[in-house]
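Q: Questions regarding the structure given below will be posed in turn.
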Amino acid sequence: MDVLKGIDCKIDAGELVAIMGSSGSGKSTLLNVLGLLDDFDQGSYHLDGMNMKGLSEKQAAKYRSEFLGFVFQSFNLIHYKTAMENVALPLYYQGVNRRKRQELALQFLKKVGLEAWYNHLPNQMSGGQKQRVAIARALISNPRVILADEPTGALDSKTSNEVMELLKSINKEGITIVVVTHENEIAAQCHRIIRLRDGQIENE
Amino acid sequence: MNWRPDWDGFIELVQILLQKPMRTMLSGLGVGWGLFMIVLTIGSANGLQNGVSQELGDMAKNSMFMWTQSTSKPYKGFKRGRPIELTIGDVEYLAANSTVVEAVAPQNQLGGWRGSNNVTRGIKTGAFTVFGEFPEQQLIEARPLLSGRHINKKDIEDLRKVAVIGSRVKEILFASDEDPIGGSIRINGVNFTVVGVFGSLRSGEDAEEDLQSIRIPFSSFNQAFHKGDEVGWLCLLFDEDVHADSAAAHVMSVLKARLSVHPDDDRAFGHWTVAKDFEEMQMVFSAIRGVSFVFGGLALLAGIIGIMNIMLITVKERTNELGIRRALGASPGVVVRQIMGETLLLTMLFGLIGAILGVGTIEGLDALLKTFPEMEGGSFRNPEVSIDVVVQSLITMVIMGGIAGILPAVRAVSMRPVEAIRTD
């Protein structure tokens, strides 16, 4: 089944872009392709000027590790690891030593205002806190792009706004952010909105 | 990334295994049990072997005992059924004409099992087996000297009336605080001077027999008890490089030629070799060991399959987590290593526990047996496992653990990360 049917778009470095669309419009698939989590059949995808077509899983893992950070609707924290360990995990896969990892993890937890919670397990934290931990985890590997799939989907409006404020401040530091959302007030806070319908760009 | 000692990875693994301690325990149990059984059965087999080997004592492996019977074939004018008798002359001839014999020790015997009282000392009497022997006897069946000396060459040459007695003989004929050396005993009415006391390296009844015997010079024996130049039987030590069977055949052919016995007459002489007995025993024990390896191996295999199964379930349950890890930059290789590592850690940890418990049980059994002196001399003693066996089993287990990890590891990376993340 073809989900995406000819997407032609360019996202510049430093942009904060929202992808909108009804369910089944292909917005999550697009994000997964951008995140190298999913493959595509035709066309080309250039990330930082490099073609990402037909990457091996190993190469994809390398690019994900170097360029990309992920934020998910359901947070996807590892439930038996503390906030600090969760944040430090991407650095483990980059071969950073333990002490350095913990140092950086604390630094990034501080950045999202949760350094006091470093020793807590995910189930001891609220949804907003979990999402902030997830954002700290996405940031720690110093990525160029953060891909957020419905980052506020599981949060109330107050915490949603806090999370969006955090994402915007990160964007101001020069990190490109792509947010998939179906909430207009979230999309409205982005520089640009790409609306998808049946696998095609409806308008920008 | 290459294989290197990865402390972080190890902590990671321990953390994961402690996630579900009960499951980890149960899945490890199979492997632990397998190794425990291997160690236990092999240890027991060794115990049995030690028990039986002890009964052979310190007898030289290349020794042979030979005695005469009656002919079963007519030859050179002699009828069948002629009793064969050996003399000192025959023994000297054998020693001079055989290429494989290294030492010959003829023996004669007086009295025997449950014989009548034949030895006296004052008012004390006892029934003991008296052997006339040569110093070479020590080469074939060593007896530890407790005091004094053994029979020597000079005793033989000078027909000395001396005796070396077993420790039990000493207990019966001498007071406990009395020094037997220099004491005089009367064997069938002939006085002998005690020059030494010996113990035994054998166990059980064999040891008892040893300790209740008296050894006197062969020449004095024949003179004192009117045996002329008769020889009861021969103990021989043959070249270690020659197989027991061919050594026996050779010795007998030399004697057959000298004593005019038909070359094909198998009944004229009887013989027994330690090596032959030893070989048969070895065969029995390697069979026992083989069986324990097979059963232990099967238990181990079952354990490993259990581990593989549990890892497959774990991988399935953790699909989402593994997907997240891959989104965070874990390459398939890293995930494979993680799963393999978990499998190996599980196998090794519990295998080691099983092995330690097995060795502990064997050692405990050993200690327990030692506290029961009445068990001493039984067919089961010093159960033990060599460190080789333990190490080999552990290595086998690690290899099998590695194999068991392959399928779950492959399963773990077979899914695209996007699907894995979506799985709950």
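The values are calculated or read from the model by the stated rules, or taken from the named source; none is laboratory data. All values derive from a computational prediction rather than experimental measurement. Cβ atoms come from the backbone with ideal geometry, glycine included; neighbour counts cover every protein chain shown. When the accessible area is computed, the model is the full protein with side chains, heavy atoms only, and any ligands, DNA or RNA have been set aside. Shrake-Rupley method; radii C 1.70, N 1.55, O 1.52, S 1.80 Å.
Q: Find the all-direction average of the projected area of the Cα convex hull for the protein assembly as shown, expressing the result in square nanometres with one decimal place.
A: On the way: hull surface 176.0 nm².
It is 44.0 nm².
Q: Defining a contact as two alpha carbons under 8 Å apart and six or more residues distant in sequence, what relative contact order in percent does chain B show?
A: Numbers: 745 pairs, mean separation 123.5, N = 424.
Reported relative contact order: 29 percent.
Q: So which trypsin sites (Lys or Arg not before Pro) in the stretch B:81-144 pass both tests, a DSSP loop state and at most 10 other Cβ atoms within 10 Å of the Cβ? Please report the intermediate quantities before stating the final value.
A: Details: sites: B:Arg114, B:Arg121, B:Lys124; in loops: B:Arg114.
Sites meeting the loop and neighbour criteria: B:Arg114.
Q: Then there is this: Under unit Cβ charges (Lys, Arg +1; Asp, Glu -1), what dipole magnitude, rounded to 20 debye, does the protein assembly as shown have relative to its Cα centre? Show your work: numbers first, answer last.
A: Working: 63 positive and 71 negative charges, 193 e Å.
So the dipole magnitude of the protein assembly as shown works out to roughly 920 debye.
Q: For A:Arg192, list long-range residues whose amide hydrogen, built 1.01 Å from N in the peptide plane, is under 5 Å from its own amide hydrogen.
A: A:Leu16, A:Ala18
Q: What's the center-to-center distance, using Cα atoms, between the stretch A:1-26 and the stretch A:38-71 in Å?
A: The distance from the Cα centre of the stretch A:1-26 to that of the stretch A:38-71 comes to 16 Å.
Q: With the dipole of chain A worked out from charges on the C-beta (+1 for Lys and Arg, -1 for Asp and Glu) around the Cα centre, which of A:Thr82, A:His191, A:Phe70 lies farthest toward the positive end?
A: Comparing the listed Cα positions along the dipole, A:Thr82 ranks first.
Q: Could you pull out the chymotrypsin sites (Phe, Trp or Tyr not before Pro) across the stretch B:14-96 that fall in loop regions by DSSP (anything but H, G, I, E, B) with no more than 15 other Cβ atoms inside 10 Å? The partial results should precede the final answer.
A: On the way: sites: B:Trp33, B:Phe36, B:Phe65, B:Trp67, B:Tyr75, B:Phe78, B:Tyr93; in loops: none.
Answer in residue order: no site qualifies.
Q: Could you state the angle between the C-alpha long axis of helix A:127-140 and the longest principal axis of the C-alpha atoms of chain A, as a value from 0 to 90 degrees rounded to the nearest 10?
A: The answer is roughly 80 degrees.
Q: With a cap of 11 neighbouring Cβ atoms within 10 Å, and only residues DSSP puts in a loop, list the GluC sites (Glu not before Pro) found in the stretch A:120-186.
A: Details: sites: A:Glu162, A:Glu165, A:Glu173, A:Glu183, A:Glu185; in loops: A:Glu173, A:Glu183.
In loop regions of the stretch A:120-186 (DSSP not H, G, I, E or B), the sparsely surrounded GluC sites (Glu not before Pro) are A:Glu173.
Q: Which whole DSSP H helices in chain B pass both tests: a Cα extent of 27 Å or more along the axis and a mean Kyte-Doolittle value no lower than -0.5?
A: Flagged H segments are B:21-56, B:274-317, B:332-370, B:387-414.
Q: Let me have the 222 nm mean residue ellipticity of chain B computed from DSSP H runs of 4+ only, each contributing -39500 (n - 2.57), with the sum over all residues rounded to the nearest 500. Walk me through the numbers on the way to the answer.
A: Values: 14 runs with 231 residues, N = 424.
Only helices count here, giving -18000 deg cm²/dmol.
Q: Taking beta carbons within 10 Å but only from partner chains, what does the mean come to for residues B:414-421?
A: Numbers: counts 0, 0, 6, 9, 10, 3, 1, 8.
Mean shielding count: 5.
Q: Would you work out what percent of the accessible area of the stretch A:1-120, with all protein chains in place, is carbon or sulfur (probe 1.4 Å)?
A: On the way: 2860 of 6010 Å².
Here carbon and sulfur together make up 48 percent of the probe-accessible area.
Q: A follow-up question, please. Listed here are the pairs B:Lys154/B:Lys370; A:Lys10/A:Lys111; A:Lys158/B:Lys316; B:Lys153/B:Lys256; A:Lys100/A:Lys158; which of them are more than 32 Å apart at the Cα?
A: On the way: B:Lys154/B:Lys370 42 Å; A:Lys10/A:Lys111 30 Å; A:Lys158/B:Lys316 36 Å; B:Lys153/B:Lys256 29 Å; A:Lys100/A:Lys158 34 Å.
With Cα atoms farther than 32 Å apart: B:Lys154/B:Lys370; A:Lys158/B:Lys316; A:Lys100/A:Lys158.
Q: What list of ³J(HN,Hα) values in whole Hz, one per residue of the stretch A:48-62 in order, does the Karplus curve 6.51 cos²θ - 1.76 cosθ + 1.60 (θ = phi - 60°) give from phi, with Gly and Pro shown as x?
A: 6, x, 10, 6, 9, 6, x, 6, 6, 4, 5, 5, 4, 4, 5
Q: Looking at the square roots a ≥ b ≥ c of the eigenvalues of the Cα gyration tensor of chain B, which shape do they give, rounded for a/c under 1.5, prolate if a/b is larger than b/c, or oblate? Mind dumping the intermediate values first?
A: Working: a/c = 4.44, a/b = 2.60, b/c = 1.71.
Prolate.
Q: Probe of 1.4 angstrom, ligands and nucleic acids ignored: what's the accessible area per residue over chain B, in square angstrom? Working shown, then result.
A: Details: 20490 Å² over 424 residues.
That works out to 48 Å² for each residue.
Q: Roughly speaking, what is the centre-to-centre gap between the stretch A:147-185 and the stretch A:114-145 when only Cα atoms are used, to the nearest Å?
A: Taking the Cα centre of each part, the stretch A:147-185 and the stretch A:114-145 sit 14 Å apart.
Q: Placing unit charges on C-beta atoms (Lys and Arg positive, Asp and Glu negative, everything else neutral), compute the dipole magnitude of the stretch A:65-204 about its Cα centre in debye, rounded to 20.
A: Numbers: 17 positive and 15 negative charges, 131 e Å.
In debye, rounded to 20, the stretch A:65-204 gives about 640.
Q: Just want to confirm a number: the relative contact order over the stretch A:16-203, from Cα pairs under 8 angstrom separated by 6+ residues, in percent. Display every interim value, and only then the final one.
A: Working: 303 pairs, mean separation 68.0, N = 188.
Worked out over the stretch A:16-203, it gives 36 percent.
Q: Please enumerate, by chain and number, the aspartates and glutamates with C-alpha under 12 Å from the C-alpha of B:Lys276, excluding those fewer than 8 residues away in the same chain.
A: Once the sequence-local aspartates and glutamates are set aside, what remains near B:Lys276 is B:Asp245.
Q: At the nearest 100 Å², what buried accessible area, both sides summed, do you get for A and B when the probe is 1.4 Å? Walk me through the numbers before you get to the answer.
A: Numbers: alone 10790 and 21720 Å², together 30110 Å².
Chains A and B together bury approximately 2400 Å².
Q: Normalised by the number of residues in the stretch A:36-104, what is the relative contact order in percent for Cα pairs under 8 Å and 6+ residues apart?
A: On the way: 28 pairs, mean separation 14.1, N = 69.
Result for the stretch A:36-104 is 20 percent.
Q: If you average the C-alpha positions of the stretch B:130-154 and of the stretch B:187-228 separately, how far apart do those two centres end up, in angstrom?
A: A separation of 10 Å, based on Cα centres.
Q: Can you list residues from other chains, or at least 5 along the same chain, whose modelled amide H is less than 5 Å from the amide H of A:Gln200?
A: A:Lys5
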